[in-house]
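Trainee: This is the structure, below, for whatever I ask next.
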Amino acid sequence: MSKSDPQSIYENIKREARLRVESRQEKPLIMVGTATCGVAAGAMQVKEDFAREIDDKGLDAEVIEVGCIGHCYAEPLAIIAKPGFPPVCYGNLDDGLVHRLVEDFLAGDDPSYEYAMAALERNDEFPTFEDFPRGVYEEKLILEHCGYADFSKIESYVARDGYSALAKALSEDPKLVLEEVKEANLRGRGGAGFPAGKKWEACLNNGKDEIYVICNGDEGDPGAFMDRSVLESDPHLVLEGMILCAYAVGAKQGYLYIRAEYPRAVEHVRKAIEQARTKGFLGSSILGTNFSFDLEVFQGSGAFICGEATALVNSMEGRTGMPESRPPRLVQQGFRGKPTVLNNVKTFAYVPLIINKGAEWFKSIGTPESPGTAVFSLVGKINNTGLVEVPMGTTLRQLIEEVGDGLPEGSQFKAVQIGGPSGGCLPESALDVPIDFDSLHEAGAIMGSGGLVVMDQEDCMVAVARFFLEFTQNESCGKCTFCRLGTKHMLDILTDITRGEGDLETLEHLKELSEDVRDGSLCNLGRTAPNPVLTTLRYFYDEYKAHVEEGRCPALVCRDLILYYIKPAKCSKLCNVCVGSCPTEAIYTRDDGLKAIDQEKCVKCDNCRKACPTEYDAVLRLSPPVLPGEKERKAK
Amino acid sequence: MSDYITMIIDDREVKARRGEKLLWVALDNDIYIPHLCAIKEEKRPNASCRLCFVEIEGHNQPVTACTREVEEGMVVATRSSRVDRLVKTGFELLLSDHNLKCRECPANKNCSLQVIAKKRGLKLKHHRFNPLKREFKLDDSPAEFAFDRSRCVLCGQCTWADRFEAEVGAIGFTNRGIDRVVTTFNDLPLADSICTECKLCVDACPVGALYYKKDQNA
């Protein structure tokens, strides 16, 4: 083997990277999770606190930033790796806890396990994440290193065999990369689940001169943050996947379309591209071969619709971000009219793993039709919010009850919303549906980008459907009739229902319109926008019925259908708390000393109900909005 | 490969040039399909009015005729219960945002919406959808014509005429979603814009949103 073949060049780079990484491991390393989720929870302050405390004590330790490990409920968090101890992760950090950890663990030798979440390596003293139920179900492929590695340094990626898949592929025929991805049946993680290998092959066959590779990082679903996390925490993994794709299809230029609302992702990716160029993984003659490919970041300007393929291309070409009719598909006529591969962030992230470990390995995880893993952002009424990665085929029940540790006390499961505004709401009876592209579709939801919102008895399904529809209606580009006007009328009808207006005919009318918007719209935004409405109508029809027939909101959410009432039998003369909590002075003291609400003044802000001490619990919401006295009077 | 293909539309054998779009083939053969936004010269169809749905054998969903290239042996039905349902809903949605005072409209009896209603037996009335209450300012700044957005169906015929026939570029689409409108740069009155008042846009308007002042009825 000559010294200039890609493998040897890569081995040299890796050796150097390993030396640099190992030299850092000689002293204690504090890794603070500073992805957007961590920063929002105060991680930057925690990082400063660590640095200051270490400085005060005159210790020799390094504080670095890492991405998100997925346990967002415990942010801000940090991992302390001290030689002689297993690396330990601590959550819910504040200045007091930081002080204590520095004093006891870094200066002393007590890892303060009482504050630890888990260790990262097996040991005799403290359990690891794998020992918890979540760890049993989770199988981290693309999230494996997210939050455990320094995203700002390429050597931390290379030292753990990063870019080895590229070196391996470059020593072989590009066709082998394509064959491997095809054989692995890697399905697009953007939501639709189209096989990536087929897409690449179509592009290769169509491309005579130029082909472009674009990564879709325009993640915009409310409550979804998987792509952001991967881009922020492990940018080189995505870059390597894109370079491999470019090698397979023969592209020379690629772009990462990242929404401008993700400034940290943009910054991390830009830095990663710089570093990859310096090391020769990007640019001309990659790893000494005659394969050249370069990448650039393109920032989206905030339109949800630009996640749609044709709208994304329009926006990159300087036109209004609006969808076009298809065909032609992007693989025929994409960016600048040339065949274009457009894949989601996560899809690209799987590619290096597949090249390194093989299609058979990939297919051994998940289900035959949907191999690999699924990444979800778990949010809503669930104990462990955060990012999880589970094999396809895991059931929703396992995901919610085991991985997410179930619902908080007092919460009763009602529905789970999957796939964001294009997805659907599934009830308890659908919880044993395995998570894969086809099963979810059958149940009426979609895999979508992977947002998963758990809802309980206090969530009104009509209000939930209205919430998602308000989002899509707002994000409709306005080009086609069904989406522009149809979603507007759907929203108006739903608003009426939350006010108790309408009848069973209204519900039928809403269903028909939803079906027509689904079948008649130009692009997938309009085609999927009715999903939350159609699924709630299908699974929670009684709740809709209660709104229009009885003027009652069973979840006590819809403001026009509830009133606040202080139950005299529960109220105490000795307590005044609710009076002070009311912003509109609607609460007064009756002659007998108990409190009551002036319905004319009440704005239903819920402050009094929250303020009322638990031993009384005297503030009730009534639906339909009829006072107990009135009911009797009416009965007479 | 021959330049011509044979296909069937509504049980009729039709010859057509390969690569042509189904909508134009049907119209050229006097087979009516409702349409507002389609422009024959436009390479990539707008496909935004969503009225030209037809059934094509082998497809499990109605498809828009303006986007579909004809193929040898293609079998098309311009009517079916699913097609009629979509056209009806699309049409009623457009009417819900359209000024329905036909008698006051200069395009009365010369209006594409009226043609669609007549051909498909649809009523020019607000039926299932409440009319959207919106206020538009009338732009009567040009000498001979005016622009009443309360009648505009956003078909894009005027912007095409302005840009590609007149080659002026005075008007275009702006805003998003339900607020999408045709207007000038910076929303100036037409007379204050770069508009040359060539009136090609007025001739292109299928519904009387852009109209000659001399045709005004009220």
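The values are calculated or read from the model by the stated rules, or taken from the named source; none is laboratory data. Given the structure is predicted, the values throughout are model-derived calculations rather than measurements. Here the Cβ positions follow ideal geometry from the backbone for every residue, glycine too, while neighbour counts run over all protein chains shown.
Trainee: Can you tell me which residue is nearest to residue A:421 (Cα to Cα) among those in segment A:468-486 that are more than 9 Å from every other protein chain (Cβ to nearest Cβ) and in contact (Cβ under 8 Å) with a residue 24 or more places away in the chain? Outline the logic, then answer.
Mentor: Going through segment A:468-486, the residues more than 9 Å from every other protein chain (Cβ to nearest Cβ) turn out to be A:468-472.
Right, trim to in contact (Cβ under 8 Å) with a residue 24 or more places away in the chain and you get A:468-469, A:471-472.
Working: A:468: 5, A:469: 7, A:471: 7, A:472: 7 Å.
Among residues in segment A:468-486 that are more than 9 Å from every other protein chain (Cβ to nearest Cβ) and in contact (Cβ under 8 Å) with a residue 24 or more places away in the chain, the one nearest to residue A:421 (Cα to Cα) is A:468.
Trainee: For segment A:145-209, list the helices (runs of 4 or more DSSP H) that sit wholly inside it and hold at least 1 residues that are more than 30 Å from residue A:328 (Cα to Cα); which are they?
Mentor: Working: elements: A:154-159, A:164-170, A:174-183, A:196-206.
Hits in segment A:145-209: A:154-159, A:164-170.
Trainee: Residue A:422 passes all but one of (1) within 12 Å of chain B (Cβ to nearest Cβ); (2) at negative phi; which number fails?
Mentor: Tallying (1) within 12 Å of chain B (Cβ to nearest Cβ); (2) at negative phi, residue A:422 fails exactly one: (1).
Trainee: Is one or more of the residues making up segment A:249-259 touching a residue at least 24 places away in the same chain (Cβ under 8 Å), part of a loop (DSSP other than H, G, I, E, B), touching a Cys at 6+ places or on another chain (Cβ under 8 Å) and surrounded by 16 or more Cβ atoms within 10 Å (Cβ to Cβ)?
Mentor: So in segment A:249-259, the residues touching a residue at least 24 places away in the same chain (Cβ under 8 Å) come out as A:249-259.
If we keep only those that are part of a loop (DSSP other than H, G, I, E, B) as well, we get A:250-252.
Okay, now just the ones that are also touching a Cys at 6+ places or on another chain (Cβ under 8 Å), so A:251.
This time we only want the ones that are surrounded by 16 or more Cβ atoms within 10 Å (Cβ to Cβ), so: A:251.
Scanning segment A:249-259 turns up at least one residue that is touching a residue at least 24 places away in the same chain (Cβ under 8 Å), part of a loop (DSSP other than H, G, I, E, B), touching a Cys at 6+ places or on another chain (Cβ under 8 Å) and surrounded by 16 or more Cβ atoms within 10 Å (Cβ to Cβ).
Trainee: Please count how many residues of segment A:160-209 are at negative phi, of a type in the set (Phe, Trp, Tyr) and crowded, with 17+ Cβ neighbours inside 10 Å. Let's see the steps before the verdict.
Mentor: Start the filter on segment A:160-209 by keeping residues that are at negative phi, which leaves A:160, A:162, A:164-184, A:186-190, A:192, A:194-209.
Checking the rest, the ones that are also of a type in the set (Phe, Trp, Tyr) come to A:194, A:200.
From what is left, the residues that are crowded, with 17+ Cβ neighbours inside 10 Å are A:200.
The qualifying residues number 1.
Trainee: Next up: Can you confirm whether residue B:154 is surrounded by 20 or more Cβ atoms within 10 Å (Cβ to Cβ), on the phi > 0 side of the Ramachandran plot and in contact with a strand residue (DSSP E or B) (Cβ under 8 Å, 6 or more places away or on another chain)?
Mentor: Values: surrounded by 20 or more Cβ atoms within 10 Å (Cβ to Cβ): yes; on the phi > 0 side of the Ramachandran plot: yes; in contact with a strand residue (DSSP E or B) (Cβ under 8 Å, 6 or more places away or on another chain): yes.
The answer is yes for residue B:154.
Trainee: For residue B:202, are the conditions met, namely being under 21 Å from the mean Cα position of the chain (by Cα), closer than 30 Å to residue A:492 by Cα and not assigned by TED's automatic domain parsing to the domain that holds residue B:38?
Mentor: On the way: under 21 Å from the mean Cα position of the chain (by Cα): yes; closer than 30 Å to residue A:492 by Cα: no; not assigned by TED's automatic domain parsing to the domain that holds residue B:38: yes.
When the stated conditions are applied, residue B:202 does not pass them.
Trainee: Which residue, of A:402, A:360, is farther than 30 Å from residue A:205 by Cβ, away from chain B (no Cβ under 14 Å) and of a type in the set (D, E, K, R)? Even if it seems obvious, please write down each step before you answer.
Mentor: Details: A:360 fails: farther than 30 Å from residue A:205 by Cβ.
Residue meeting the stated conditions: A:402.
Trainee: Still on this structure, please answer the following. Go through (1) modelled with pLDDT under 95; (2) under 28 Å from residue A:394 (Cα atoms); (3) hydrophobic (A, V, I, L, M, F, W, C) one by one and return the number of the condition residue A:151 breaks.
Mentor: Just one mismatch for residue A:151, condition (2).
Trainee: Looking at A:291, A:304 in this structure, which one is touching a residue at least 60 places away in the same chain (Cβ under 8 Å) and within 28 Å of the chain's Cα centre (by Cα)?
Mentor: On the way: A:291 fails: within 28 Å of the chain's Cα centre (by Cα).
Among A:291, A:304, only A:304 is touching a residue at least 60 places away in the same chain (Cβ under 8 Å) and within 28 Å of the chain's Cα centre (by Cα).
Residue-wise test of (1) surrounded by fewer than 19 Cβ atoms within 10 Å (Cβ to Cβ); (2) of a type outside the set (Val, Ile, Thr); (3) at pLDDT 95 or above; (4) assigned by TED's automatic domain parsing to the domain that holds residue A:272.
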site	(1), (2), (3), (4)
A:37	no, yes, no, no
A:49	no, yes, yes, no
A:76	no, yes, yes, no
A:79	no, no, yes, no
A:83	yes, yes, no, no
A:99	yes, yes, yes, no
A:102	no, no, yes, no
A:109	yes, yes, no, no
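Trainee: Give segment B:21-44 a look and list any residue that's surrounded by 13 or more Cβ atoms within 10 Å (Cβ to Cβ) and at pLDDT below 95, or say none.
Mentor: If the condition is that a residue be surrounded by 13 or more Cβ atoms within 10 Å (Cβ to Cβ) and at pLDDT below 95, then B:42 is the only one that fits.
Trainee: Would you confirm, using the coordinates I've provided, whether residue A:542 is surrounded by fewer than 20 Cβ atoms within 10 Å (Cβ to Cβ) and either closer than 22 Å to residue A:415 by Cα or free of Cβ contacts under 8 Å to residues at least 40 places away in the same chain (or both)? Even if it seems obvious, please write down each step before you answer.
Mentor: Numbers: surrounded by fewer than 20 Cβ atoms within 10 Å (Cβ to Cβ): yes; either closer than 22 Å to residue A:415 by Cα or free of Cβ contacts under 8 Å to residues at least 40 places away in the same chain (or both): yes.
Against the criterion (surrounded by fewer than 20 Cβ atoms within 10 Å (Cβ to Cβ) and either closer than 22 Å to residue A:415 by Cα or free of Cβ contacts under 8 Å to residues at least 40 places away in the same chain (or both)), residue A:542 qualifies.
Trainee: Also: If you scan segment A:271-319, which residues turn out to be within 13 Å of chain B (Cβ to nearest Cβ), surrounded by 17 or more Cβ atoms within 10 Å (Cβ to Cβ) and in contact with a strand residue (DSSP E or B) (Cβ under 8 Å, 6 or more places away or on another chain)?
Mentor: A:306, A:313, A:315
Trainee: Can you tell me how many residues within segment B:29-65 are assigned to a loop (DSSP other than H, G, I, E, B), within 9 Å of another protein chain (Cβ to nearest Cβ) and within 14 Å of residue A:521 (Cα to Cα)?
Mentor: The qualifying residues number 8.
Trainee: With the requirement that a residue be in a loop (DSSP other than H, G, I, E, B) and touching a strand residue (DSSP E or B) at 6+ places or on another chain (Cβ under 9 Å), what does segment A:54-82 give you?
Mentor: Step one: list which residues in segment A:54-82 are in a loop (DSSP other than H, G, I, E, B), which gives A:58-61, A:67-71, A:75-77, A:82.
The answer is A:61, A:67, A:68, A:69, A:70, A:71, A:75, A:76, A:77, A:82.
Trainee: Something else: Would you confirm whether any residue within segment A:490-504 is in contact with a helix residue (DSSP H, G or I) (Cβ under 8 Å, 6 or more places away or on another chain), within 28 Å of residue B:67 (Cβ to Cβ), free of Cβ contacts under 8 Å to residues at least 60 places away in the same chain and hydroxyl-bearing (Ser, Thr, Tyr)?
Mentor: No: segment A:490-504 contains no residue that is in contact with a helix residue (DSSP H, G or I) (Cβ under 8 Å, 6 or more places away or on another chain), within 28 Å of residue B:67 (Cβ to Cβ), free of Cβ contacts under 8 Å to residues at least 60 places away in the same chain and hydroxyl-bearing (Ser, Thr, Tyr).
Trainee: Ok, one more. How do the helices (runs of 4 or more DSSP H) wholly within segment B:77-196 filter down when requiring 1 or more residues that are more than 14 Å from every other protein chain (Cβ to nearest Cβ): which remain? Show your work before the answer.
Mentor: Details: elements: B:81-96, B:112-120, B:157-160.
Passing ranges, in order: B:112-120, B:157-160.
Trainee: Consider residue B:55 carefully, then state whether it is in contact with a Pro (Cβ under 6 Å, 6 or more places away or on another chain) and not hydrophobic (A, V, I, L, M, F, W, C). Step through it out loud before you land on a result.
Mentor: Values: in contact with a Pro (Cβ under 6 Å, 6 or more places away or on another chain): yes; not hydrophobic (A, V, I, L, M, F, W, C): yes.
Spelling it out, residue B:55 is indeed in contact with a Pro (Cβ under 6 Å, 6 or more places away or on another chain) and not hydrophobic (A, V, I, L, M, F, W, C).
Trainee: A further question follows. Does residue B:179 count as farther than 23 Å from residue B:47 by Cα, of a type in the set (Asp, Glu) and either loosely packed, with under 14 Cβ neighbours inside 10 Å or over 19 Å from the mean Cα position of the chain (by Cα) (or both)? If you could, list the steps in order and put the result at the bottom.
Mentor: Details: farther than 23 Å from residue B:47 by Cα: no; of a type in the set (Asp, Glu): yes; either loosely packed, with under 14 Cβ neighbours inside 10 Å or over 19 Å from the mean Cα position of the chain (by Cα) (or both): yes.
In short, no.
Trainee: May I pose another question? Looking at residue A:45 and the list (1) buried (at least 18 other Cβ atoms within 10 Å of the Cβ); (2) free of Cβ contacts under 8 Å to residues at least 60 places away in the same chain, which single condition is not satisfied?
Mentor: The single condition residue A:45 does not satisfy is (1).
Trainee: So, in segment A:347-371, exactly how many residues are farther than 22 Å from residue A:175 by Cα and touching a helix residue (DSSP H, G or I) at 6+ places or on another chain (Cβ under 9 Å)?
Mentor: So the first thing to find is which residues in segment A:347-371 are farther than 22 Å from residue A:175 by Cα, and the list is A:364-370.
With touching a helix residue (DSSP H, G or I) at 6+ places or on another chain (Cβ under 9 Å) added as a condition, the list becomes A:367, A:369-370.
Total satisfying the criteria: 3.
Trainee: A follow-up question, please. Is it the case, given these coordinates, that residue A:610 is outside any loop (DSSP other than H, G, I, E, B), charged (D, E, K, R), surrounded by fewer than 18 Cβ atoms within 10 Å (Cβ to Cβ) and free of Cβ contacts under 8 Å to residues at least 40 places away in the same chain?
Mentor: Details: outside any loop (DSSP other than H, G, I, E, B): yes; charged (D, E, K, R): yes; surrounded by fewer than 18 Cβ atoms within 10 Å (Cβ to Cβ): yes; free of Cβ contacts under 8 Å to residues at least 40 places away in the same chain: yes.
Yes, satisfied.
Trainee: Among the residues of segment B:6-13, are any closer than 27 Å to residue A:478 by Cα and either outside the structural domain of residue B:120 (by TED's automatic domain parsing) or at pLDDT below 95 (or both)?
Mentor: no
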